[in-house]
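> Let me give you the structure first, and then I'll get to my questions.
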Amino acid sequence: MGETVAQAIARALKRHGVQVVFGQSLPSAVLLACETIGIRQLAYRQENMGGAMADGFARVSSRIAVVAAQNGPAATLLVPPLAEAFKASVPIVALVQEVERPQIDRNAFQELDHFALFSSCAKWVRRIITADRADDYVDQAFVAAGSGRPGPAVLLLPADLLRERAITPRHTRRVSLDRWPIDRSRPEDSVLREAADFIAAAGAPVAVAGGGTTSPAASAAISRLQETAHLPVFTTNMGKGAVDECHPLSCGVLGSLTGARSLGRRTKPILGEADLVLLVGTRTNQNGTDSWRQITPGARIIHIDVDPTEVGRNYEALRLVGDAAVTLNALCETLERLDLSRRRTARAQAEKRIAAAWAAFEADRASLAGSNNRPIRPERVMRELQTRLTPKTIVVADASYPSMWIVGQLRAQRAGHRFLTPRGLAGLGWGLPLAIGAKVARPDAPVVAVAGDGGFAHSWAELETMVRSCVSVVVIVLNNGVLGFQKYAETIKFGAYTSACHFAPVDHAAIARACGCGATVVRAPGDIGPALDEALASGRPWLVEVVADPDAHPALSLFDGTVDQNAVRDVESVG
């Protein structure tokens, strides 16, 4: 007897180097076949979280992740994380079971139009309908996910087809397509020369590195360009860690972090005065550009991106369409053949200005980062975490304030230092599952997740997943009892906030212990460090609950001159 279609699919996944599928038993035939040949099932508690786990795995491993789900309601819960992956350019192959083929369009149990469901959040949606096409469609799914601009691909699997005997195809497939990007393209030499000439001749050029520069190859390439062309480099939120933030030409994250006591308040003029801006691997989205206000009209713009539709979307630019790593390295090779004396001469002054900005930022935030007040300031938590980071530590944040705390308060220690934030759509609850996926991808690296109590409530069931699956993530919950961003945004816009912004007290440490995690509650600033040391040394899933100041908020431009009026005056008097 030959193998079934389900077994053929599992074998194809194995050929592509898949070692783990994020699933919850369904499609059962496929997952049973996977486990038989050594592919692990990491069983999530809910599909929304499973999709985010796959996202975190793909970001850190540089491998295309695989998530699986049942038809109907389970499939609908995959839409949010796939939408995040779609916007954030993360490659995921989703295997979704469908009703049996004879039952299609007959109101079968949990039948849903999956083509319509996934059309807005996936690059590619297909259904296998014959027993001889398993290898073809699995390969197509991986190519769709990992080529061009990466993103999700959805393969629909009718339940009855999975039980059929597979038909051996005439042509055997042997290629492995798990690594992304699958293809690496670059612009023509003439366009690269034009860009290099502009950079060499510029008086005050800068680069802005987005999420497309955080892979090992792209990170090394943007760092090479920083040194070769003597370029100050900013990053977007998602580009955090692409360059070493201790490098003298690194300006840190900008985006909307330009409020009081922010680094961006000090570095924003450097971008504003630039006569040339090199954009790399960024969608030039609203948060990454502070509502498209930071690049001065008249500045020359060069834009590198693998997606031709993103180049020039919001700013007319010299188009360098191609893979970030290959394009940057080719640009560096071109620059190395030019006279870069103007850039070398300007470097010392640029470094001096950037160093002054970092020093002013440290002075601005010193009272908060060193605060002994109760409830605890998040800046103090970040200072304690910073001293415990290693170059291998992966820091993951939930959406909203936690993302801003880690990108605005922590400092990358090397090029390629990984900071994961769900900034594609920025949905609450994804911090913990992103961290689980990252830890599965890199089990030897310390992984720390930072979440607020509002976002953590979306995902705390996955604490049990960590314990059951032996995934040792340290989770920091900043418990301030409030939806902070919602409260302040509503206050600024409407002069009031809704009753939904405040929560009843929750003992998150008790929930963690009930799931089998270690847990600590921190109420005094002096206890933060020992609690983090205990958690990081434990080698097991651990939750550190910090009773945080409900009035603390990141230094966002939205708050500048509104809820930050006093802080703004304080900073300006220092400056």
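The values are calculated or read from the model by the stated rules, or taken from the named source; none is laboratory data. What you see is a predicted model, and the numbers here were worked out from it, not measured in a lab. For the accessible areas, the whole protein counts, side chains as well, though only heavy atoms, and no ligand, DNA or RNA atoms are used. Shrake-Rupley method; radii C 1.70, N 1.55, O 1.52, S 1.80 Å.
> Residue by residue, what Karplus-based ³J(HN,Hα) values in Hz, rounded to whole numbers, does the range 177-194 have, using 6.51, -1.76 and 1.60 with θ = phi - 60° and x for Gly and Pro?
10, 7, 7, 10, x, 5, 10, 10, 9, 8, x, 5, 4, 5, 6, 4, 5, 4
> Okay, next question. Along each of the three principal axes of the Cα atoms of the range 208-346, give the extent in whole Å, ordering the values from largest to smallest.
So the three principal-axis extents are 42, 35, 31 Å.
> With the alpha-carbon atoms as the only input, what is the per residue convex hull volume for the range 122-239 in Å³?
It comes to 144 Å³ per residue, whole-number rounded.
> Sticking with this one: Is the range 338-412 best put as rounded, prolate or oblate by its Cα gyration tensor, with a ≥ b ≥ c the root eigenvalues, rounded for a/c under 1.5, and otherwise prolate when a/b is larger than b/c, oblate when not?
prolate
> Further, regarding this structure: Using a 1.4 angstrom probe, figure out how much accessible area the range 1-124 has per residue, in square angstrom, rounded to the nearest whole.
Here the per-residue accessible area is 36 Å².
> Taking N as the number of residues in the chain, what is its Cα Rg relative to 2.2 N^0.38 Å?
Here the Cα radius of gyration is 0.99 times the empirical estimate.
> Could you work out the relative contact order of the range 135-230? I mean the mean sequence separation of Cα pairs under 8 Å and 6+ apart, divided by the number of residues, in percent.
This gives 24 percent for the range 135-230.
> For the range 502-541, what is the convex hull volume of the alpha-carbon atoms per residue, in Å³?
77 Å³
> Can you give me the orientation-averaged projected area of the convex hull built on the Cα atoms of the range 433-525, in nm²?
Approximately 7.3 nm², given one-decimal rounding.
> Give the ranking of R374, R184, R149 by solvent-accessible surface, highest area first, calculated with a 1.4 Å probe.
R374, R184, R149
> Now for a different question. So, with a 1.4 angstrom probe, what is the percent of accessible area on the range 435-560 that is carbon and sulfur?
Carbon and sulfur atoms account for 57 percent of the accessible area of the range 435-560.
> Give the Kirkwood hydrodynamic radius (Å, one decimal) of the range 382-451, defined as one over the mean of 1/r across all pairs of different Cα atoms.
12.0 Å
> Run the numbers on the chain and let me know its relative contact order in percent, using alpha-carbon pairs under 8 Å that are six or more apart.
The normalised contact order for the chain reaches 14 percent.
> I need to check one value: relative contact order of the range 68-188, counting alpha carbon pairs closer than 8 Å and at least 6 residues apart, in percent.
This gives 31 percent for the range 68-188.
> Residue by residue, what Karplus-based ³J(HN,Hα) values in Hz, rounded to whole numbers, does the range 131-142 have, using 6.51, -1.76 and 1.60 with θ = phi - 60° and x for Gly and Pro?
Ordered by residue, 3J(HN,Hα) equals 6, 9, 10, 4, 4, 4, 6, 4, 4, 4, 4, 5 Hz.
> Can you run phi through the Karplus equation (6.51, -1.76, 1.60; θ = phi - 60°) for the range 14-31 and list ³J(HN,Hα) in whole Hz, with x for Gly and Pro?
4, 4, 7, x, 5, 10, 8, 10, 7, x, 9, 6, 10, x, 4, 4, 6, 5
> Looking at this model, which pairs from K123/K392; K240/K352; K240/K392; K268/K352 are more than 26 angstrom apart at the alpha-carbon?
Checking Cα-Cα distances, K123/K392 exceed 26 Å.
> Could you give the C-alpha radius of gyration of the range 269-363 expressed as a fraction of 2.2 N^0.38 Å, taking N as the number of residues it contains?
Output field value: 1.22.
> What's the center-to-center distance, using Cα atoms, between the range 278-302 and the range 213-256 in Å?
The distance from the Cα centre of the range 278-302 to that of the range 213-256 comes to 15 Å.
> Same structure, new question: When the Cα centres of the range 394-441 and the range 462-538 are compared, how far apart do they sit, in Å?
Rounded to whole Å, the Cα centres lie 15 Å apart.
> Give me the distance between the Cα centres of the range 153-176 and the range 9-88, rounded to whole Å.
So the two Cα centres are separated by 17 Å.
> Here's something else I'd like to know. With angles folded into 0 to 90 degrees, how steeply does helix 528-538 sit against the dominant principal axis of the chain? Use alpha carbons for both and round to 10.
Roughly 30 degrees between the two axes.
> Determine the shape class of the range 97-189: with a ≥ b ≥ c the square roots of the Cα gyration tensor eigenvalues, call it rounded for a/c under 1.5, and otherwise prolate if a/b is greater than b/c, oblate otherwise.
In terms of gyration-tensor shape, oblate.
> Let me ask another. For the range 202-272, list log₁₀ I(q)/I(0) at each q in 0.13, 0.15, 0.23, 0.27 Å⁻¹, using the Debye formula over Cα point scatterers of equal strength and ignoring solvent, two decimals each.
Values, matching the q order: -0.33, -0.44, -0.98, -1.26.
> Starting from the Cα gyration tensor of the range 255-308, take the square roots of the eigenvalues, sort them a ≥ b ≥ c, and report rounded, prolate or oblate (rounded when a/c is under 1.5, otherwise prolate if a/b is larger than b/c, else oblate).
Judged from the Cα gyration tensor, the range 255-308 comes out oblate (a/c at least 1.5, b/c at or above a/b).
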